[in-house]
Amino acid sequence: VQLVESGGGLVQAGESLRLSCAASRSIFSFSRMGWYRQAPGKQRELVADITRVGNINYADSVRTRFTISRDNAKNMVYLQMNSLKPEDTAVYYCKVDSALTQREYWGQGTQVTVSS
């Protein structure tokens, strides 16, 4: 499974970004898809994830600002990020859990930088 993230960049506080994650196979084969982030000097943390049946989970810090979604036909997972804050600055990773192999797969990450 290959995952390719895109959509990161440098924005000012209050602005928005949409991250995209393209999967190399049907996302129906994944039991869970999610976005994680890792800021310098910090551990990687869950931002949001969505199960195959559509259950969604958000980190408390992003719950009112970020939205995870997917496009089954395009094998894509998105993260819409609104009202960005400097503390959202991190490398954002797409991760999927394969129901077929019982393994997890990670993308290469995309940098999001929010200036104050």
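Quickly run through the stretch 98-113 and pick out the residues that are in contact with a Ser or Thr (Cβ under 8 Å, 6 or more places away or on another chain), under 20 Å from ILE50 (Cα atoms) and surrounded by 15 or more Cβ atoms within 10 Å (Cβ to Cβ). Spell out how you get there, then give the answer.
Initial filter on the stretch 98-113 (in contact with a Ser or Thr (Cβ under 8 Å, 6 or more places away or on another chain)): 98-100, 104-105, 110, 112-113.
Among the residues that remain, those that are also under 20 Å from ILE50 (Cα atoms) are: 98-100, 104-105, 110.
Matches in the stretch 98-113: SER98, TYR105, THR110.
Tell me whether the stretch 98-107 contains one or more residues that are touching a helix residue (DSSP H, G or I) at 6+ places or on another chain (Cβ under 8 Å) and outside any loop (DSSP other than H, G, I, E, B). Step through it out loud before you land on a result.
We begin by selecting, within the stretch 98-107, every residue touching a helix residue (DSSP H, G or I) at 6+ places or on another chain (Cβ under 8 Å); these are 98-100.
From the residues that got through so far, the ones that are outside any loop (DSSP other than H, G, I, E, B) too are 98.
Yes.
Test each condition in (1) assigned to a strand (DSSP E or B); (2) open to solvent by 30 Å² or more (accessible area, probe 1.4 Å); (3) at pLDDT 95 or above for GLY34 and report the one that comes out false.
Going through the list (1) assigned to a strand (DSSP E or B); (2) open to solvent by 30 Å² or more (accessible area, probe 1.4 Å); (3) at pLDDT 95 or above, GLY34 breaks only (2).
Within the stretch 80-97, how many residues turn out to be open to solvent by 40 Å² or more (accessible area, probe 1.4 Å) and more than 15 Å from SER115 (Cα to Cα)?
Initial filter on the stretch 80-97 (open to solvent by 40 Å² or more (accessible area, probe 1.4 Å)): 80, 82-83, 85-87.
Now narrow it down to the ones that are more than 15 Å from SER115 (Cα to Cα): 80.
Total meeting the criteria: 1.
So in the stretch 43-70, with the set limited to residues that are part of a strand (DSSP E or B) and among the hydrophobic types (A, V, I, L, M, F, W, C), which one is surrounded by the fewest Cβ atoms within 10 Å (Cβ to Cβ)?
Initially, the stretch 43-70 is screened for residues part of a strand (DSSP E or B), giving 45-51, 56-58, 66-70.
Filter once more, so that each one left must be among the hydrophobic types (A, V, I, L, M, F, W, C): 46-48, 50, 56, 66, 68.
On the way: LEU46: 14, VAL47: 23, ALA48: 23, ILE50: 20, ILE56: 12, PHE66: 22, ILE68: 20.
Ranking the qualifying residues of the stretch 43-70, first place goes to ILE56.
Only residues that are loosely packed, with under 14 Cβ neighbours inside 10 Å and under 23 Å from ALA99 (Cα atoms): list them for the stretch 5-24, please.
SER24, the sole residue that qualifies.
The values are calculated or read from the model by the stated rules, or taken from the named source; none is laboratory data. What you are looking at is a predicted structure, and each value in this text was computed from that prediction instead of being measured. Cβ: placed from backbone, ideal geometry, glycine included. Neighbour counts: every protein chain shown. Remember, those area values only see protein heavy atoms, side chains included, never the ligands or the DNA or RNA. Shrake-Rupley method; radii C 1.70, N 1.55, O 1.52, S 1.80 Å.
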